[in-house]
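The values are calculated or read from the model by the stated rules, or taken from the named source; none is laboratory data. Keep in mind that what you see is a predicted model, and the values were worked out from it rather than measured. Reconstructed Cβ throughout: ideal geometry from the backbone, glycine too, with neighbour counts over all protein chains shown. In case anyone asks, the SASA skips ligands and DNA or RNA and just uses the protein heavy atoms, side chains included. Shrake-Rupley method; radii C 1.70, N 1.55, O 1.52, S 1.80 Å.
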Amino acid sequence: MKHIVKSAFALSATILAALPVAAQSVYPGQHAGKLAVETSVPLRAEAFDLRDVRLLPGRVHDNLRRDSAWMARISVNRLVHSFRNNAGVFAGLEGGYESVRMYGGWESLDCDLRGHTTGHLLSAYGLMYAATGDTLMRHKGDSIVAALGQVQRALGDSGYLSAFPEELINRNVRGQGVWAPWYTLHKILAGLIDQYLYADNEEALDIATRMAGWAYNKVMPLDDTTRRRMLRNEFGGINDAFYNLYAITADRRHLELARWFYHNDVIDPLKAGNRDMGTRHTNTFIPKVIAEIRNYELTGDTASLRAADVFYDAMLRDHIFATGSLSQKEHFFAPSEFTKHINGYTGETCCSYNMLKLSRHMYALDASPRVADYYERTLFNHILAQQDPESGMVCYFLPLLSGAYKVYSTPEQSFWCCVGSGFESHAKYAEAIYAHAADTLMVNLFIPSRLDWRDNGMTVTQLTDFPRSEITTLRIDSARGDWAVIALRYPSWSGKPTVRVNGRTVRYAARDGYICLGRKWRPGDRIEVTYPMSLHLACAPDNSSRAAVMYGPIVLAGLAGTEGMTGTAPFSDPTVRNDYYTYDYHVPANLKTTLRLDPAGLSATIRRAGDDLRFLTAEGDTLVPLYEANRCRYVVYWNIEN
């Protein structure tokens with residue numbers, strides 16, 4: 001992506017200049033007072049703290065509520081048992097499992113990744129506490145941190161902390177086979193940092209700092225040949241975590257650690273402008289790019305910015321499915337073979353989780369509505385669709401094979417990576433609804449919510465039934481009467497919006513993807529915006545006759561019944577190792593996968609049935625948002641006959 005350096009807002013002179021560099025955050029604009037190293041580059045937008053935005057009842061809030069309920073049921077003792085076992089601080093009864101029944105799947109005592117879910121939940125409890133104020137979430141996070149502190153002390157003075165012995169790290173150093181030990185350490189370290197940032201847990205920061213001290217002493221004496229060999233093994237975003245720790249502590253050793261984990265084989269080609277991802281593992285790739293954008297934010301390294309720009313543009317231009325998802329069977333593939341890879345293993349959810357993290361950094365730099373469009377598409381069509389509304393369980397892949405269905409996790413035996421990132425994703429829906437720049441408030445997502453804009457002395461409530469309704473309303477609940485610009489995103493999918501202020505239709509000038517309304521706002525002022533939505537096709541880039549039907553930004557799925565869904569379906573079978581990766585959907589042979597329609601006039605053959613987002617085709621197919629196609633087969637990419 002050619003980096004945008006001009007302002008996205010031309011109405012206000014204060015927006016023409018870049019923001020001051022006082023922004024200081026993991027996401028620029030957040031966690032004031034907790035960071036010692038400020039963002040050093042010009043910004044166009046800053047994030048609000050998660051505690052400043054509250055979701056209001058609606059479809060998105062329902063997912064958060066279910067996530068919170070599952071998190072509340074998680075047993076801290078069962079979660080940290082493998083850590084205590086590793087450190088020898090737990091004495092079990094004869095037989096062991098009579099005392100503490102371990103969680104299974106990727107948390108089993110014989111899995112190299114054990115402990116990764118603890119890291120994700122440390123982050124998720126912090127995020128959920130910030131998003132809701134629920135003190136139970138804070139207490140559960142505090143309990144985990146206290147347990148990990150005990151384990152770290154028992155393991156010695158080095159600062160090492162994990163649910164597995166340090167020998168797994170030694171295997172990585174020697175180049176021997178091991179499943180991603182630094183990946184797991186990243187989850188733990190990032191979770192501890194999030195506990196400090198979102199839940200004010202000082203002990204968590206102390207534990208994280210001691211972990212970093214161990215890591216520094218472990219890797220810095222190693223030669224470059226060993227370093228490069230080690231980095232062939234997946235290490236998650238541990239360099240991103242070290243950049244974030246450096247921002248908090250200003251300890252240059254943490255910056256050195258972040259740079260030690262620079263993966264030359266992956267990032268150097270991006271810096272040279274190479275957009276060919278080959279068949280690399282997608283979710284191994286994205287966190288390394290997030291680390292590069294953090295390096296740019298903290299140090300001004302423009303080569304890192306170029307790498308992030310090239311990667312992000314390539315993803316949005318060549319690699320995303322209609323849902324915003326990336327990858328098939330976790331890997332990139334040639335865009336020229338896109339249709340070939342529409343199968344039952346598309347869209348690893350962790351990829352979407354990490355792409356949304358990267359998107360927040362990219363948006364801060366240029367306030368690009370293109371980034372906001374992508375964020376919305378992926379949030380509504382993948383993240384929202386990941387969760388089963390009945391059980392709260394989540395899927396690993398978002399399968400796009402015609403006739404597939406979502407395969408959900410189990411409460412006790414899965415704990416895949418996408419379960420861990422799912423705990424976080426459904427806790428932080430509110431984080432990107434709004435952004436700000438000087439005296440401008442950007443409204444990027446249409447989700448019922450309440451914002452406390454502390455610096456401006458303004459509180460705003462957004463009321464909407466989007467995407468069922470085209471209308472969103474902003475109500476000013478309190479204001480100082482100062483001049484402010486409210487910039488409403490003008491989505492690429494929308495017809496010409498109608499804007500009313502206090503009941504009167506107003507003329508507006510749309511600039512760079514935003515409708516900017518500037519005035520001295522007062523309590524009781526209301527803005528009502530109607531965004532006309534219409535049906536359209538999202539065609540596979542290599543085959544225009546293979547397409548998904550969309551309504552505005554929402555992917556519609558054709559309901560295809562439950563024939564042949566037997567056994568544990570739609571849930572994973574805990575007796576089959578990682579069954580999501582080889583799952584046989586037993587798609588019925590007579591499944592209808594063709595739509596006959598005129599791409600230029602979809603409304604002639606597809607009509608909306610009532611107020612719900614339910615559509616009927618002339619041939620009798622029922623289409624609903626993909627996030628509502630649960631526990632059944634569905635079709636997303638149709639064969640289109642004109």
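Key figures
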item: In the stretch 375-401, the residues that are in a helix (DSSP H, G or I), hydroxyl-bearing (Ser, Thr, Tyr) and open to solvent by less than 10 Å² (accessible area, probe 1.4 Å); result: Thr378
item: Of the criteria (1) in a helix (DSSP H, G or I); (2) on the phi > 0 side of the Ramachandran plot; (3) of a type outside the set (D, E, K, R), which one Ile286 fails; result: (2)
item: Hits in the stretch 173-182 - residues which are touching a helix residue (DSSP H, G or I) at 6+ places or on another chain (Cβ under 8 Å), part of a helix (DSSP H, G or I) and surrounded by fewer than 22 Cβ atoms within 10 Å (Cβ to Cβ); result: Val173
item: Single condition Arg480 does not satisfy, out of (1) out of contact with any Gly (no Cβ under 7 Å at 6 or more places or on another chain); (2) farther than 23 Å from Asp465 by Cβ; (3) open to solvent by 60 Å² or more (accessible area, probe 1.4 Å); result: (1)
item: Any hit, the stretch 223-233, residues being free of Cβ contacts under 8 Å to residues at least 12 places away in the same chain, assigned to a helix (DSSP H, G or I) and open to solvent by 50 Å² or more (accessible area, probe 1.4 Å); result: yes
item: In the stretch 599-628, the residues that are surrounded by 14 or more Cβ atoms within 10 Å (Cβ to Cβ) and among the acidic types (Asp, Glu); result: Asp621, Glu628
item: Selection within the stretch 276-304 - over 25 Å from Ser336 (Cα atoms) and either open to solvent by 20 Å² or more (accessible area, probe 1.4 Å) or modelled with pLDDT under 95 (or both); result: Tyr296, Thr299, Gly300, Asp301, Thr302, Ala303
item: Residues satisfying the stated conditions in the stretch 234-274, i.e. within 24 Å of Glu202 (Cβ to Cβ), open to solvent by 30 Å² or more (accessible area, probe 1.4 Å) and not in a helix (DSSP H, G or I); result: Ala250, Asp251
item: Some residue of the stretch 106-128 being under 30 Å from Arg450 (Cα atoms), hydrophobic (A, V, I, L, M, F, W, C) and touching a Ser or Thr at 6+ places or on another chain (Cβ under 7 Å); result: yes
item: Index of the failed condition, Phe83 passing every other in (1) assigned to a helix (DSSP H, G or I); (2) at pLDDT below 95; (3) buried (at least 22 other Cβ atoms within 10 Å of the Cβ); result: (2)
item: Selected residue (only one of Asp206, Asp194 is of a type outside the set (S, T, N, Q), open to solvent by less than 50 Å² (accessible area, probe 1.4 Å), assigned to a helix (DSSP H, G or I) and at pLDDT 95 or above); result: Asp194
item: Members of the stretch 307-339 found to be within 30 Å of Thr249 (Cβ to Cβ) and either surrounded by fewer than 19 Cβ atoms within 10 Å (Cβ to Cβ) or of a type in the set (Phe, Trp, Tyr) (or both), listed by number; result: Phe311, Tyr312
item: Selection within the stretch 594-630 - part of a strand (DSSP E or B), touching a Ser or Thr at 6+ places or on another chain (Cβ under 9 Å) and not aliphatic (A, V, I, L, M); result: Arg596, Arg607, Phe615, Thr617
item: Boolean, Arg59 is within 25 Å of Leu356 (Cβ to Cβ), under 28 Å from the mean Cα position of the chain (by Cα) and buried (at least 18 other Cβ atoms within 10 Å of the Cβ); result: yes
item: Given (1) of a type outside the set (Ser, Thr, Tyr); (2) open to solvent by less than 40 Å² (accessible area, probe 1.4 Å); (3) touching a residue at least 12 places away in the same chain (Cβ under 8 Å), index of the condition Arg631 fails; result: (2)
item: Given (1) assigned to a strand (DSSP E or B); (2) over 19 Å from Tyr363 (Cα atoms), number of the condition Ile486 does not satisfy; result: (2)
item: Pairs where the first residue, in the stretch 443-469, is open to solvent by less than 10 Å² (accessible area, probe 1.4 Å) and the second is outside any strand (DSSP E or B) and of a type in the set (D, E, K, R), C-beta under 7 Å, 6+ apart; result: Leu445/Glu376; Leu451/Asp52
item: Matching entry among Asp200, Asp194, Asp224, Asp157 (being on the phi > 0 side of the Ramachandran plot and acidic (Asp, Glu)); result: Asp200
